[in-house]
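Just below is one structure, and these are the notes that go with it.
The values are calculated or read from the model by the stated rules, or taken from the named source; none is laboratory data. Small disclaimer: the values here were computed from a predicted structure and weren't measured. In this analysis, Cβ positions are derived from the backbone assuming ideal geometry, glycine residues included, and neighbour counts consider all displayed protein chains.
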Amino acid sequence: MCTSANECRQVLHVSSHKRRRTRVRVVNLSRRKQGGGGEVKDIKLKNLKLCMENISILEKNEKLRKQATLLYQEKLALISEFQKRSFYMQFRVHSSH
């Protein structure tokens, strides 16, 4: 059972490209019945699907984290520009009197 993304990545080979869907290739899992019966196979397949979903969520989370960082940097730049303009306007008002 995958308990972390690293363990899931050992089971899956994941590759993604910008602006393309993530492709997942199952490694070390055959479709034929594996000694333990159908229940074990079903559990393994459910676990694999959950691992794939977890990886997808982690990738989306990383993308959103990067986007949030960029927005925060833009916010800081806008605040700095506003403060500069405010200072300039304040200086200009006091100079004209």
Task: Count of the range 26-41 residues which are part of a helix (DSSP H, G or I), charged (D, E, K, R) and either at pLDDT 95 or above or exposed (fewer than 10 other Cβ atoms within 10 Å of the Cβ) (or both) - done: 1
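From the set of residues in the range 49-61 that are over 14 Å from the mean Cα position of the chain (by Cα) and in contact (Cβ under 8 Å) with a residue 40 or more places away in the chain, which is surrounded by the most Cβ atoms within 10 Å (Cβ to Cβ)?
This residue is Cys51.
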